[in-house]
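> Let me begin by handing over the structure; questions about it come next.
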Amino acid sequence: MKILALETSCEIASVALLCDGELHSQTLVSPPAHSAGLLPLVRELLARHKVRLAELDVIAFGRGPGAFTGVRLACSVAQGLAVGLGLPVAPVDSLLALAEGCDASQVYCAMDARMSEVYVARYVRGEQGWQTDLAPVCVVPSAMPVPAQAGWVGVGTAFRVYPECVAALADKIVVQDANAVPGAAAVARLAGSTNWVDAAEAAPLYVRDRVALTVAERLAAGGKA
């Protein structure tokens, strides 16, 4: 099976190729160039491993939540490639990809959502794969849902940006990586167990409807009008 995966939900974009059991990935480290650099990065990755677009079985993408522009970019590029090739797409939750990159069975994912909010989800890994304990939500840091039991491993940038969250959840969560972000390699690994859909049915997962603070909110936070 040959899977091309895209993940652009945060400041670090990446692409991955899962080809007959071998996983290859590349990272785009210049955030402003996500839209300009994503397709050249895809072409470079495929050429390096001598795989043609027509040989792919599915195109997977991190559907969010995350940066609005980023999740739209991954979705639209996946759709555009898939339509042209007559392929299905595999939408993968970006927070689940964050959990997949963690070596733990109970993962508390918390990613900085900007605007003084965080994206949060919890996942449990079992014999049948990942199960969702808490579906992705967007909350203020002080309202991060507290698990009923201890034993959770925390990953994601919210733990770095809002260190007070670590203290508030310390009896339930041990933070493993406060710099972790979703990656295309994890999206590719998850694509095989994700429902594939027609490209026309693919859509980003936003969770939050707003893309920016109002002037009043910026001023209240000490910003400029």
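> Considering VAL166, VAL146, VAL137, which residue is farther than 21 Å from ALA13 by Cα and under 17 Å from the mean Cα position of the chain (by Cα)? If you could, list the steps in order and put the result at the bottom.
Numbers: VAL166 fails: under 17 Å from the mean Cα position of the chain (by Cα); VAL146 fails: under 17 Å from the mean Cα position of the chain (by Cα).
The match here is VAL137.
> Further question on the same structure: Being in contact with a Gly (Cβ under 9 Å, 6 or more places away or on another chain) and either at pLDDT 95 or above or charged (D, E, K, R) (or both): is that true of ALA150 here?
Spelling it out, it is not the case that ALA150 is in contact with a Gly (Cβ under 9 Å, 6 or more places away or on another chain) and either at pLDDT 95 or above or charged (D, E, K, R) (or both).
To keep it simple, each residue is scored yes or no on (1) in a helix (DSSP H, G or I); (2) more than 13 Å from the chain's Cα centre (by Cα); (3) on the phi < 0 side of the Ramachandran plot.
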| position | (1), (2), (3) |
| --- | --- |
| LEU41 | yes, yes, yes |
| ALA47 | yes, yes, yes |
| PHE61 | no, no, yes |
| ALA74 | yes, no, yes |
| ALA82 | yes, yes, yes |
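> Would it be correct to say that THR69 is assigned to a helix (DSSP H, G or I), at pLDDT below 95, surrounded by fewer than 18 Cβ atoms within 10 Å (Cβ to Cβ) and within 18 Å of the chain's Cα centre (by Cα)?
Numbers: assigned to a helix (DSSP H, G or I): yes; at pLDDT below 95: yes; surrounded by fewer than 18 Cβ atoms within 10 Å (Cβ to Cβ): yes; within 18 Å of the chain's Cα centre (by Cα): yes.
Here the answer is yes, as THR69 does meet what is asked.
> Counting just the residues of the range 4-40 that are touching a helix residue (DSSP H, G or I) at 6+ places or on another chain (Cβ under 6 Å) and of a type in the set (Asp, Glu), which one comes out modelled with the highest pLDDT?
GLU7
> With the condition kept exactly as written, say whether any residue in the range 92-108 is among the small types (Gly, Ala, Ser), part of a strand (DSSP E or B) and at negative phi. Steps first, please.
Of all residues in the range 92-108, those among the small types (Gly, Ala, Ser) come to 94, 97, 99, 101, 104-105.
Subset that is part of a strand (DSSP E or B): none.
There is no residue in the range 92-108 that is among the small types (Gly, Ala, Ser), part of a strand (DSSP E or B) and at negative phi.
Residues checked against (1) in the same structural domain as SER14 (by TED's automatic domain parsing); (2) farther than 30 Å from LEU73 by Cα; (3) crowded, with 16+ Cβ neighbours inside 10 Å:
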residue	(1), (2), (3)
ALA113	no, no, yes
SER116	no, no, no
GLY126	no, yes, no
LEU134	no, no, no
VAL155	no, no, yes
VAL166	no, yes, yes
ALA186	yes, no, yes
GLY192	yes, no, no
VAL197	yes, no, no
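> Separate question: What pairs can you find where one residue is in the range 1-27 and part of a loop (DSSP other than H, G, I, E, B), the other is among the charged types (D, E, K, R) and surrounded by fewer than 18 Cβ atoms within 10 Å (Cβ to Cβ), and their Cβ atoms are less than 6 Å apart, with a gap of 6+ or different chains?
Correct list of pairs: MET1/ASP57.
> Next question, about the same structure. So which of ARG122, ARG114 ends up being over 21 Å from ALA16 (Cβ atoms) and part of a strand (DSSP E or B)?
On the way: ARG114 fails: part of a strand (DSSP E or B).
Step by step, each of ARG122, ARG114 is checked, and only ARG122 is over 21 Å from ALA16 (Cβ atoms) and part of a strand (DSSP E or B).
The values are calculated or read from the model by the stated rules, or taken from the named source; none is laboratory data. Computed from a prediction, not measured in an experiment: that's the story for all the values here. In this analysis, Cβ positions are derived from the backbone assuming ideal geometry, glycine residues included, and neighbour counts consider all displayed protein chains.
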